[in-house]
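One structure is given here, and the rest of the page talks about it.
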Amino acid sequence: MKINLLTFTPVAESINLAVYTEKVENSNPLRLFSNECTQFWEQHPELSDKENLFFSIVHPEGCTGDKYDISIKFDENPRIAKHYLNHLIYNYFKENAAAVGFDFVDNVEVWIKDSNQPHAQTTQFLRFSLVPQYKKVTDSWELLVSYNSISTAYNQSIDSLDIQTERYRVIADNEIVKRKHITPEQKQNIGNIFPIINRELAAELNVSETRPPKENKYLKTRQQIVAFAKNYLFTDNFQEIIKFHNEDFYSFKNPEDNKVTDGSNVLLFGGNSSGFDPYNGINNNGPFRATTKNNVKFFFIYHKDDVSVSKYLYSLFKEGLGKFTDRYTGEVTYKFKPLSLFIKQPFETETNGSITFSNLETAVQEIKTKLSQKNLKNDYNYVAIYISPVRKDDVNSPHHDIYFAIKEMLLEKQITSQVIYKDNPAGNNFRFHLPNIAIALLSKIGGIPWQLNPSRTKNDLIIGVGAFKSEKVGKRYVGSAFCFNQDGIFQNFDCYRDNDLEHLIKDIRKAIGIYLVQNQDQKPKRLIIHYYKTMGKRESKPITDMLYTLGFNIPVFIVTINKTESSDIVAFDSDTADLMPLSGTYVKVGYNQFLLYNNAKYPTSQKYDILFPVKVKISKVVTNGSKEDNQANMPEVREMLNQVYQFSRMYWKSVKQQNLPITIKYPEMVAEIVPHFSDAELPSFGKTNLWFL
């Protein structure tokens, strides 16, 4: 198994650096910290009150005060060396590529003009990130070479355009910069500054956004980085900066040893059956557990012009689709079973129980009025099937917010809901979506479509925190989900602003109280937090302090799970045609950092989606613990990876395998919707129901 890393030795072993005691106001120079160069600080006792000095490889004018000269050895100060190597790489490609800039995490990004140019109005570029790093995977310096897909630039310069969009980047003097950061020097050649197409510019300039074709991402990625390395890295000129040990990407030894626990992909269904495939399991054997609720009533909400859609959906749910009776055996099969057979719950409605509205402009008020007039019985559980005239993803529609208003209105009445766009049932592929709708409905009424294979519990309290930033709302919100054992069934949700740490701590404290009640005062042995980003000490310390105050001196495991698939660092299985490693394979790419291949490719699989791995980082915090106590050992790491892997199989919105665990995915889905509610608060019923699926 190979990874997109090249090992190298820097041509220079050290650099001479000018450092300063002060920085110019509003400048942003780099810092050299005292614990990085203890010998230098010992040689200069006058700096004893200084925790850091300032320097800049590119803009030394941002530094001021007393100046000192220091020699920095690369192997002893890899953080400083990386800044210098980035500087060399950036300058090299400014002269030897179409353009150069920085990616979203400030790594050097090289733009190469694509040989394929599909549109006359634009120029298409291939983008590659180059990241020097020290001993993360190997025992030497490494260059991570990543393929970042394609981007396009408009072929007219900004001086000939009247652009209304405010946020976009440009290519100026072979550099990628934000529009607001174009320098006066670059504007001297304004006829050679070209805007880079983003979604807003594509709409304004009436050009097509670049959408990469659907293809095997492993094959495409390897093909591109191999070609880029051959043409741009394995050259005499580039190797005057860094000298590669060989022209081959790094190979792992014994990768077959890095697998999650056998049986972690096993799911349980009805009739004590088990399997790997959610659809076959539930279709053939029924759900793991039907809902315990018997008084469940369904009703439709729709525009008066969509009455035929409502009748068709009722027919599908009541009678199924594609019924076939074998003339010899009498066996009955369906393309989609009646809903009652699929979820093991009668599909019952009320006579004249539907709610209709006549106008999109007044839809919310019409529905609200009719809902208040509806006779809702206290001992019944109601499910609304809302036939929406507006697509959920049509954010430009003036009626887009009706979706959220109806969701909130129903939750306040303790009614869960399922939304179906009005045109979807007539589509040829709708029958493939029916199983997804069915398992979501089962989940919303309290049933369990499938369950994880039982494992030895360690009395864990598991918390997931995911985030979503809405461009329309303009703010990031986080959602939280709480689980009180390792069965993957969540029992509490909430949503708040992403900087509201106090709210999260309060929820954890409340969850501990619920845990104690449910487990007869038996304390949790560990708190495990699946977090959508790296949790710093500012966030983790108040949590551990709160636990310690409550008398819980238990380890806190913080499992950072990248929300997006990892495409920056990828391992390829060269022994398979599609290059994707088997499901459950994990690869170490740093200290307690791993790539987890979370897909449906098993030794016996016939068909599966091509998914990049997720990136998982694991840290451990023990209040007043020793250095060793605060280091997760390998058995603990494997448990955490195994848990992430299993929780990815408990997604009840689709029968397709997901590569993100529900500990991150469910809270993110809540955080996407709740900011659109009045006062951006989640009604209490919504905190205990899977209404968002």
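Straight-line reach from Lys311: taking Cα to Cα under 18 Å and skipping same-chain neighbours fewer than 8 places apart, the aspartates and glutamates in range are Glu319, Glu348, Glu350, Asp423. The alpha carbon centroids of segment 579-652 and segment 320-369 are separated by 40 Å.
Convex hull volume of the C-alpha atoms in segment 381-479, normalised per residue: 162 Å³. Selection among Leu339, Ala227, Ser146 by position relative to the dipole of the chain gives Leu339 as farthest towards the positive end (Cβ unit charges, Cα centre). Stretching Thr9 away from Gln121 to a fully extended chain increases their span by 36.0 nm, per 0.36 nm per residue minus the current alpha-carbon distance. Here, segment 552-669 is characterised by an Rg to Rh ratio of 1.01, where Rg is the alpha-carbon radius of gyration and Rh the Kirkwood radius. So which of Lys506/Lys627; Lys601/Lys653; Lys217/Lys469; Lys537/Lys617; Lys297/Lys687; Lys73/Lys627 end up more than 24 Å apart, counting from Cα to Cα? Result: Lys506/Lys627; Lys217/Lys469; Lys73/Lys627 exceed 24 Å.
Distance between the 7 Å Cα→Cβ label points at Ile505 and Arg79: 2.6 nm.
Derived scalar couplings between HN and Hα for segment 263-270 equal x, 5, 8, 7, 10, 9, 10, x Hz in order, rounded to whole Hz, by the Karplus curve 6.51 cos²θ - 1.76 cosθ + 1.60 (θ = phi - 60°), x for Gly and Pro.
Probe of 1.4 angstrom, ligands and nucleic acids ignored: what's the accessible area per residue over segment 366-477, in square angstrom? Present the calculation step by step, with values, prior to reporting the outcome.
Numbers: 5140 Å² over 112 residues.
Accessible surface, normalised per residue, equals 46 Å².
Taking the alpha carbon gyration tensor of segment 81-127, multiplying each eigenvalue by 5 and rooting it gives semi-axes of 25, 11, 6 Å, largest first.
Can you tell me the length gained on complete extension of the stretch Gln520 to Ser470, counting 0.36 nm per residue apart and subtracting the Cα distance?
Details: separation 50, 0.36 × 50 = 18.00 nm, distance 4.12 nm.
Once the chain is fully extended between Gln520 and Ser470, it gains 13.9 nm.
3J(HN,Hα) along segment 618-624: 10, 10, 9, 10, 10, 4, 6 Hz, from the Karplus curve 6.51 cos²θ - 1.76 cosθ + 1.60 with θ = phi - 60°, whole Hz, x for Gly and Pro.
Considering only beta bridges that DSSP places wholly inside the chain, some 75 percent are antiparallel. Here r is the Cβ-Cβ distance between Asn428 and Ala98 and R0 is 56 Å; the resulting FRET efficiency, rounded to 0.05, is 0.85. Dividing the convex hull volume of the alpha-carbon atoms in segment 1-114 by its residue count gives 155 Å³ per residue. Helix content alone sets the calculated 222 nm mean residue ellipticity of the chain: runs of n ≥ 4 DSSP H residues at -39500 (n - 2.57) each, divided across all residues, give -7500 deg cm²/dmol.
Give the relative contact order (percent, whole number) for the chain; include only Cα pairs under 8 Å separated by 6+ residues.
Numbers: 1304 pairs, mean separation 86.2, N = 693.
Once normalised by length, the contact order is 12 percent.
Across Thr329, Thr351, Thr356, the residue with the most accessible area heads the list, and the full order at a 1.4 Å probe is Thr351, Thr329, Thr356.
With charges set only on the Cβ (+1 for Lys and Arg, -1 for Asp and Glu), what does the dipole of segment 134-269 come to about its Cα centre, in debye to the nearest 20? Numbers along the way, then the final one.
Values: 18 positive and 19 negative charges, 64 e Å.
Roughly 300 debye for segment 134-269.
The residues neighbouring Ser684, those whose beta-carbon lies less than 15 Å from its own, together hold a net charge of -2 under the Lys/Arg +1, Asp/Glu -1 convention.
Near the amide H of Met535, within less than 5 Å, lie no amide hydrogens of residues on another chain or at least 5 residues away, with H placed in the peptide plane.
Note the direction-averaged projected area, equal to a quarter of the hull surface, for the Cα convex hull of segment 150-262, in nm².
On the way: hull surface 49.3 nm².
Mean projected area of the Cα convex hull: 12.3 nm².
A Förster distance of 60 Å, applied to the separation of the beta-carbon atoms of Tyr334 and Thr38, puts the FRET efficiency at 0.25. For the residue pairs Lys523/Lys656; Lys67/Lys243; Lys422/Lys656; Lys136/Lys187, alpha carbon separations beyond 30 Å are given by Lys523/Lys656; Lys67/Lys243; Lys136/Lys187.
For segment 504-579, the calculated P(r) over all alpha carbon pairs, in 5 Å bins from 0 to the bin holding the longest distance, is 3, 12, 19, 19, 12, 8, 8, 6, 6, 6, 1, 0 percent. Past 27 Å, Cα to Cα, is the threshold; run Lys135/Lys475; Lys318/Lys370; Lys214/Lys475 against it and keep the listed order. As for pairs spanning more than 27 Å Cα to Cα, those are Lys135/Lys475; Lys214/Lys475. The angle between the Cα long axis of helix 501-518 and the main principal axis of the chain comes to about 50°, on a 0 to 90 degree scale. Note on segment 470-622: Kirkwood hydrodynamic radius from all Cα pairs is 17.9 Å, rounded to one decimal.
Rounded to the nearest 5, what is the percent of antiparallel bridges among the DSSP beta bridges in segment 498-652?
Working: 14 of 19 bridges.
Bridges in segment 498-652 are about 75 percent antiparallel.
All alpha carbon pair distances within the chain were sorted into 10 Å bins beginning at 0; the resulting P(r) in whole percents reads 2, 12, 19, 24, 21, 13, 6, 2, 0, 0.
The charge dipole of segment 331-393, taken about its Cα centre with unit charges on the Cβ atoms of Lys, Arg (+1), Asp and Glu (-1) only, comes to about 120 debye.
With a Förster radius of 60 Å applied to the C-beta separation of His87 and Asp393, the computed FRET efficiency comes to 0.90. Under the criterion of Cα pairs below 8 Å and six or more residues apart, the relative contact order for segment 264-397 equals 29 percent. Taking each residue as 0.36 nm, the span from Ser678 to Asn624 lengthens on full extension beyond its C-alpha to C-alpha distance by 15.1 nm.
The values are calculated or read from the model by the stated rules, or taken from the named source; none is laboratory data. Note that the structure is predicted; figures quoted are calculated from it, not measured. So basically every Cβ, Gly included, is an ideal-geometry build from the backbone, and we count neighbours across all protein chains shown. Quick note on the areas: whole protein, heavy atoms, side chains included, nothing else; ligands and nucleic acids left out. Shrake-Rupley method; radii C 1.70, N 1.55, O 1.52, S 1.80 Å.
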